[in-house]
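Enquirer: For reference, the structure I am asking about is given below.
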Amino acid sequence: MTLPLHEPAIRIIGGQRLSGRIAISGAKNAALKLMAASLLTDQPLILDNVPQLLDTVTMAELLSHHGVTLNQQGNQWTMQATNVAPTDTCFDLVRTIRASIVLLGPLLARCGYVRLPFPGGDAIGNRKIDYHLHGLQLLGAQVQFDDGFIMAEAPNGLHGATMHFPNVTVTGTENLLMAACLAKGTSVLHNVAREPEVGDLIACLNNMGARIEGAGSETLVIHGVDRLQGATHRVIPDRVETGTYAFAAAMTGGDLLLTGANPDHLHSELASLRAAGANVSIGAEGLRVTAADQALQGVDIITDPYPGFATDMQAQFMAMMTRAKGASLITETIYENRLRHVPELQKLGANITVHGQSALVRGVDQLHGAVVSATDIRASVSLVLAGLVAEGETWVQKPYHLDRGYEGLVEKLQSCHATIERVG
Ligand code: EPZ
């Protein structure tokens, strides 16, 4: 297939069984918030196992705009916010990542004032922030909007409060958690997110001197303290990267050892993978996934906040189901627009019917290569997975989506015998 491609792309020739070992990187959705936590203290915060991603580089640049000094040695970042600037006018940077929203709480708690552009991120839904702003108001902030900026101020500092989240929000939980650490008095947050990345942030904040109780439960109690000190913290492994490669091993009929993975963070996803017929074993070195003894079977999933099936692994699971025996009903409950990978998978020959927030995948015998592109990190990687099993060449355009969320994706797959390369 000769393509008039005048833009970068990932080129894949399908049909290779993946075999070998992949080292799982640090979790993007933990690292970004841990980096923001550096704003809460004037002491050095040292983070190990930070993945080298477009998003972590963007977060580092954002933090430097706010006065944080950063030093990177490989996957170790040392950050220190001796003097903090509470405002940022860098629209284009702030709007590239959703995680920029978690600068709000720390800056307000540290400076008593913050002015930030509205956050951006993957085009998978409305991505509202009303729970974040309501919570900051409960903690004593006045919140206003000013032509695309959010402004919040608490001249007398923040005070403890009780907040009931109407729905689970990961960054909403993290934003208010960080703000409450330095509030006067005790805060109680109900119906919080319980994702492992939230637990990782809590562990780091408590290492910094915060007093947070209830990690892993639906209610967090935060006793405010006057100041936090520095700490050294290792970012947890990325469960979404782990699930992505686990599905890749199963759908290519391969055998992968995912070293450094924490299987405790993927119970739902691994249960669905086993139900489809793949062999999943947990050993001292990590998670091993080998192909099913016979063809993969169709399995239904419904995404849900943790510990349910992660929305961030829905697209990848769908790619795996395109060639399973039977049908798979996949329902997305977290985002209203997170089935945009369906038309791209259909270009590869997948048989998928969408009704509202559900996609019915009927397994086909074979996919065929095509030029495809996606609009978000996880949709992009689902196309790479499908390309690994499609007959012939698949070109995945806009590889920067992959670079935002997967460290060394092409190299890791090449090391396991995939025929994959970055072009242009
Ligand atoms: C985090 O996004 C992750 N991103 C997402 O991963 C992940 O999909 C999501 O949590 C759910 O697990 C980061 O951590 C940087 P939410 P977040 O606030 O916090 C609604 C990836 O691929 N909502 O839990 O932005 C919202 O509209 C990314 O790595 C409100 O209504 O997600 C959405 O429908 C994609 N009001 C739902 O809740 C609010 O104030 C979940 O959003 C906040 C959220």
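The values are calculated or read from the model by the stated rules, or taken from the named source; none is laboratory data. Only a predicted model underlies this, so the values are computations on that prediction, with no experimental measurement involved. Using ideal geometry, Cβ is built from the backbone for each residue, glycine included, and neighbour counts are taken over all protein chains shown. The accessibility values were calculated without ligands, DNA or RNA, using every heavy atom of the protein model including side chains. Shrake-Rupley method; radii C 1.70, N 1.55, O 1.52, S 1.80 Å.
Enquirer: Answer with yes or no whether residue 326 is farther than 25 Å from residue 373 by Cα, modelled with pLDDT of 95 or more and of a type outside the set (A, V, I, L, M, F, W, C).
Expert: yes
Enquirer: Hey, another quick one. Determine which single condition residue 352 fails, assuming it passes every other condition in (1) touching a Gly at 6+ places or on another chain (Cβ under 8 Å); (2) buried (at least 20 other Cβ atoms within 10 Å of the Cβ).
Expert: That leaves (1) as the condition not met.
Enquirer: May I ask you to list the residues in the range 26-52 that are in contact with an Asp or Glu (Cβ under 8 Å, 6 or more places away or on another chain), open to solvent by 10 Å² or more (accessible area, probe 1.4 Å) and outside any helix (DSSP H, G or I)?
Expert: The answer is 52, and nothing else.
Enquirer: Still on this structure, please answer the following. Looking only at the range 208-264, which residues are more than 23 Å from residue 17 (Cα to Cα), in contact with a strand residue (DSSP E or B) (Cβ under 8 Å, 6 or more places away or on another chain) and polar (S, T, N, Q)?
Expert: Matches in the range 208-264: 219, 232, 262.
Enquirer: Out of all the residues in the range 346-354, is one or more in contact (Cβ under 8 Å) with a residue 40 or more places away in the chain and within 25 Å of the chain's Cα centre (by Cα)?
Expert: Within the range 346-354, none of the residues are in contact (Cβ under 8 Å) with a residue 40 or more places away in the chain and within 25 Å of the chain's Cα centre (by Cα).
Enquirer: If you go through the range 195-244 one residue at a time, how many are within 16 Å of the ligand (Cβ to nearest atom), touching a Ser or Thr at 6+ places or on another chain (Cβ under 7 Å) and either open to solvent by 10 Å² or more (accessible area, probe 1.4 Å) or part of a loop (DSSP other than H, G, I, E, B) (or both)?
Expert: 1
Enquirer: In this structure, does residue 19 turn out to be in the same structural domain as residue 242 (by TED's automatic domain parsing), of a type in the set (Ser, Thr, Tyr), out of contact with any Lys or Arg (no Cβ under 6 Å at 6 or more places or on another chain) and away from the ligand (no atom under 16 Å from the Cβ)?
Expert: For residue 19, the condition - in the same structural domain as residue 242 (by TED's automatic domain parsing), of a type in the set (Ser, Thr, Tyr), out of contact with any Lys or Arg (no Cβ under 6 Å at 6 or more places or on another chain) and away from the ligand (no atom under 16 Å from the Cβ) - is met.
Enquirer: I've got another one for you. Going by the structure shown, is residue 188 open to solvent by 10 Å² or more (accessible area, probe 1.4 Å) and under 28 Å from residue 164 (Cβ atoms)?
Expert: Taking the combined requirement at face value, the residue satisfies it.
Enquirer: Report, ordered by the first and then the second residue, all pairs with beta carbons closer than 7 Å, sequence separation of six or more or different chains, a first member in the range 267-288 that is on the phi < 0 side of the Ramachandran plot, and a second member that is charged (D, E, K, R) and surrounded by 18 or more Cβ atoms within 10 Å (Cβ to Cβ).
Expert: 281/288
Enquirer: Could you tell me whether residue 27 is of a type in the set (Gly, Ala, Ser) and touching a Pro at 6+ places or on another chain (Cβ under 8 Å)?
Expert: For residue 27, the condition - of a type in the set (Gly, Ala, Ser) and touching a Pro at 6+ places or on another chain (Cβ under 8 Å) - is met.
Enquirer: Among the listed residues 411, 421, 407, which satisfies the condition of being in a strand (DSSP E or B) and of a type in the set (Asp, Glu)?
Expert: 421
Enquirer: What are the pairs with Cβ atoms under 6 angstrom where one residue, in the range 88-111, is surrounded by fewer than 17 Cβ atoms within 10 Å (Cβ to Cβ) and the other, located anywhere, is at pLDDT below 80? Sequence gap at least six, or different chains.
Expert: Close Cβ pairs (under 6 Å, with a partner that is at pLDDT below 80) amount to 95/120.
Enquirer: If residue 185 passes every condition in (1) at positive phi; (2) within 15 Å of the ligand (Cβ to nearest atom) but one, which one does it miss?
Expert: (2)
Enquirer: Note down all Cβ pairs under 9 Å where the first residue falls in the range 160-173 and is farther than 20 Å from residue 119 by Cα and assigned by TED's automatic domain parsing to the domain that holds residue 219, the second is acidic (Asp, Glu) and more than 8 Å from the ligand (Cβ to nearest atom), and they're at least six residues apart or on different chains.
Expert: Cβ pairs passing all conditions: none.
Enquirer: Given the structure, is residue 407 surrounded by fewer than 23 Cβ atoms within 10 Å (Cβ to Cβ) and over 20 Å from residue 27 (Cβ atoms)?
Expert: In short, no.
Enquirer: What number of residues within the range 385-399 satisfy the criterion of being over 18 Å from residue 363 (Cβ atoms), open to solvent by less than 10 Å² (accessible area, probe 1.4 Å) and not in a strand (DSSP E or B)?
Expert: Number of matching residues: 1.
Enquirer: Also, I was wondering about something else. Scan the range 269-308 for residues that are under 21 Å from the mean Cα position of the chain (by Cα) and aliphatic (A, V, I, L, M) and report the count.
Expert: 6
Enquirer: For the range 166-180, name all the residues that are open to solvent by 10 Å² or more (accessible area, probe 1.4 Å) and part of a helix (DSSP H, G or I).
Expert: Hits for the range 166-180 are 170, 171.
Enquirer: Consider residue 314 against the criteria (1) farther than 25 Å from residue 393 by Cα; (2) within 15 Å of the ligand (Cβ to nearest atom): it satisfies all of them except one. Which criterion is unmet?
Expert: (1)
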